[in-house]
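The values are calculated or read from the model by the stated rules, or taken from the named source; none is laboratory data. Since this is a predicted model, take the numbers as computed values, not measurements. Cβ: placed from backbone, ideal geometry, glycine included. Neighbour counts: every protein chain shown.
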Amino acid sequence: MRKQIAVLPGDGIGQEVVKGAVEILRAIGERFDHQFRFTYGEIGGIALDSTGTPLPDDTIELCKASDAVLLGAVGGPKWDHNPPHLRPEQGLLKIRKELGLYANLRPTSYYASLADSSPLRRDVIEEVDMVIVRELTGGLYFGKPSERTYSNGEEAAVDTLYYERAEMKRVIQQAFELAQKRRQKVTSVDKANVLESSRMWREVAEDVAKNFPNVTLEHMLVDNAAMQLIKNPKQFDVVVTENMFGDILSDEASVLTGSLGMLPSASLSEQGPYLFEPIHGSAPDIKGLNLANPIAMILSAAMMLRISFGMTEEADAVECAVQQVLENGYRTKDIYSFGKNAVTTDEMVEAIKAEILDNGTILHIMGAYA
Ligand code: IPM
Ligand code: MG
């Protein structure tokens, strides 16, 4: 197959981890005989420096003309004091909006070999397998007004939590469709004891549930959900929630896996192309040091193969290679534990790549005997 992939490395470790993911995709192309064409675009701080805007029009065009988008991370201290519309993060919000990426899937699963990297007890995290479906183009992130004002001679500030019914419905629908293919359970997270938007969210969830009689719907208040995620994470299959709650809960969920550096995500729209990015940020403190964990980015590329290109075997190959390398004891700094083999970003990528290409050989040899 031929596929055109837009690559937006962005800032900080985004550059390093995206380079790794591209190498892994080249290895997949080689083993499975696909032609992946990578075209690079700018987003975030790097785009601000070269064009004066965090998301240049040609980056949007490039994404729209591609089969899928791979994104690293944006942001850094250099731009932290920019005015709101000239922050790198605005580039990320704008590309999500421009591409209509309303559903952000953030899977968290248990890696037996990483159990020691999590601060939580093994028996609590064992066999965790959940997906947070985060609404991505509405809520507090986009509601207007969002500004500084004056009231009674005092400085004040306002952000707006606004959702239309259709926006709630389409993301909740995605969650149910996903749950149907998994363990048939949806936990809808809200703050319905306080917020009107949450009361409406609950109503919409109940409505959508009527079309999925075999999926169980449960409602949970967000503060309780934050506690349950740490206390008993195994109870969750698919969690669906609005933008900001999803942002917060997905960082929390990453602790179950051992590190933020392990969690990939897929952002889906009605028409495509879809966008794939790790849930972590640009980690300016370790930028350029070859220390970042490339696995979240590489697993995001695996999600791209599976979801955008329907390449199941190829995605499995990437995920198995990651699993194998972890079992072999390779660890970047964030997941290091005593006695393991400490590696750099590049070495981790090399190890995963070798696994992908070697597996190819092993399968081939086995084929010869079969
Ligand atoms: C994420 C990030 C972004 C978000 C930031 C960088 C704007 O935290 O993707 O989770 O809040 O959506
Ligand atoms: Mg976040």
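Number of residues in region 230-281 that are within 12 Å of ligand 1 (Cβ to nearest atom) and assigned to a helix (DSSP H, G or I): the value is 13. Scanning region 8-48 for residues being within 23 Å of residue 354 (Cα to Cα) and either among the hydrophobic types (A, V, I, L, M, F, W, C) or assigned to a strand (DSSP E or B) (or both) gives a total of 14. Answer yes or no as to whether residue 292 is outside any loop (DSSP other than H, G, I, E, B) and farther than 22 Å from residue 248 by Cβ. It is false that residue 292 is outside any loop (DSSP other than H, G, I, E, B) and farther than 22 Å from residue 248 by Cβ.
Inspect region 50-63 for any residue being within 15 Å of ligand 1 (Cβ to nearest atom), assigned by TED's automatic domain parsing to the domain that holds residue 323 and touching a helix residue (DSSP H, G or I) at 6+ places or on another chain (Cβ under 6 Å) and give the result as yes or no. Within region 50-63, one or more residues are within 15 Å of ligand 1 (Cβ to nearest atom), assigned by TED's automatic domain parsing to the domain that holds residue 323 and touching a helix residue (DSSP H, G or I) at 6+ places or on another chain (Cβ under 6 Å). The residues of region 86-114 that are of a type outside the set (Phe, Trp, Tyr) and in a loop (DSSP other than H, G, I, E, B), listed by number, are 87, 99, 100, 101.
Residues in region 115-128 that are outside any loop (DSSP other than H, G, I, E, B), charged (D, E, K, R) and either in contact with a Leu (Cβ under 6 Å, 6 or more places away or on another chain) or surrounded by 12 or more Cβ atoms within 10 Å (Cβ to Cβ) (or both): 116 only.
Filtering 197, 265 for residues that are buried (at least 16 other Cβ atoms within 10 Å of the Cβ) and more than 14 Å from ligand 2 (Cβ to nearest atom) leaves a single hit, 197.
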